[in-house]
1. Roughly how many Å² is the accessible area per residue of the chain, as a whole number, for a 1.4 Å probe?
2. Compute the distance in nm between two label points, each set 7 Å from the Cα along the Cα-to-Cβ direction, one at residue 59 and one at residue 128.
3. What are the ³J(HN,Hα) couplings of region 47-56, residue after residue, when phi is run through the Karplus curve with 6.51, -1.76, 1.60 and θ = phi - 60°? Round to Hz, x for glycine and proline.
4. Would you kindly give the portion of the calculated P(r) for region 93-143 that falls above 13 Å, as a percent of all Cα pairs?
5. Quick one: net charge around residue 156, please, counting Lys, Arg +1 and Asp, Glu -1 for every other residue with C-beta under 12 Å from its C-beta.
6. What order do 121, 85, 29 take when sorted by accessible area (1.4 Å probe), most exposed first?
7. Quick one, which of (i) 180; (ii) 144; (iii) 115 is the actual volume of the Cα convex hull per residue in Å³ calculated for this model?
8. What distance in nm separates the two pseudo spin-label positions at residue 101 and residue 174, each 7 Å out from Cα along the beta-carbon direction?
Amino acid sequence: MNLLFSTILICSLLNGALADSFNFEHIGDSPENSDVSTSKGVGYSITFTNNWTQENHPFRYPTSDPHWSRFVYASHSSAYIMWQDGGTATKGIENVAELGSISALQSEIEGQQNAGNVLDDVVGNGISDAFQGATSTTGEHLCVDASHPYVSGISMIAPSPDWFSGVYNLPLSDESTMTWVRKIEVYVYA
């Protein structure tokens, strides 16, 4: 697999009630296209940047220990839905949202890999102190190919009974040019 060292930048913007979509909003001129054909597999680095702070989001902001659990990302086909607005949560998604535990979700993803619906998955570190600009990165690149051009990801927002945020079904290719995006930046909501 040829790796294109590209980047997915995900920033939290948690006033979900103000968003048109629960999922994500492109930032600026994003996405930035490449000239790499979707006939080649590529890899992406992922960085999540925290914007969830008392100053930015005063409504129901926790008074102690605001943090994010570890992040789980998967590249997949249209046959796999990690989570979606209004959908029914799997046990893995429920465990992430309520406990910050990723093991059940990783098992679900492994099952989907065996079924051919998921190509790759990576884990990003948690953010133990949710200050403005704190980041989570993945230690490995997330691989995608023409059959698995989407990325979905999730993390628990804590402390909370079941808050979470992430992205689902984010396309990493430009279907009109049949090329991969080089860089994509999105805001995500909760």
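1. 47
2. Between residue 59 and residue 128, the label points sit 3.2 nm apart.
3. 10, 9, 10, 7, 10, 8, 9, 4, 5, 7
4. Cα-Cα pairs in region 93-143 separated by more than 13 Å: 67 percent.
5. Its environment carries a net charge of -2.
6. 29, 85, 121
7. Read-out from the structure maps to (iii).
8. Once both label points are built, they end up 4.4 nm from each other.
The values are calculated or read from the model by the stated rules, or taken from the named source; none is laboratory data. Note that this is a predicted model, so its numbers are computed, not measured. Cβ: placed from backbone, ideal geometry, glycine included. Neighbour counts: every protein chain shown. Just the protein is used for accessible areas: all its heavy atoms, side chains included, with ligands, DNA and RNA removed. Shrake-Rupley method; radii C 1.70, N 1.55, O 1.52, S 1.80 Å.
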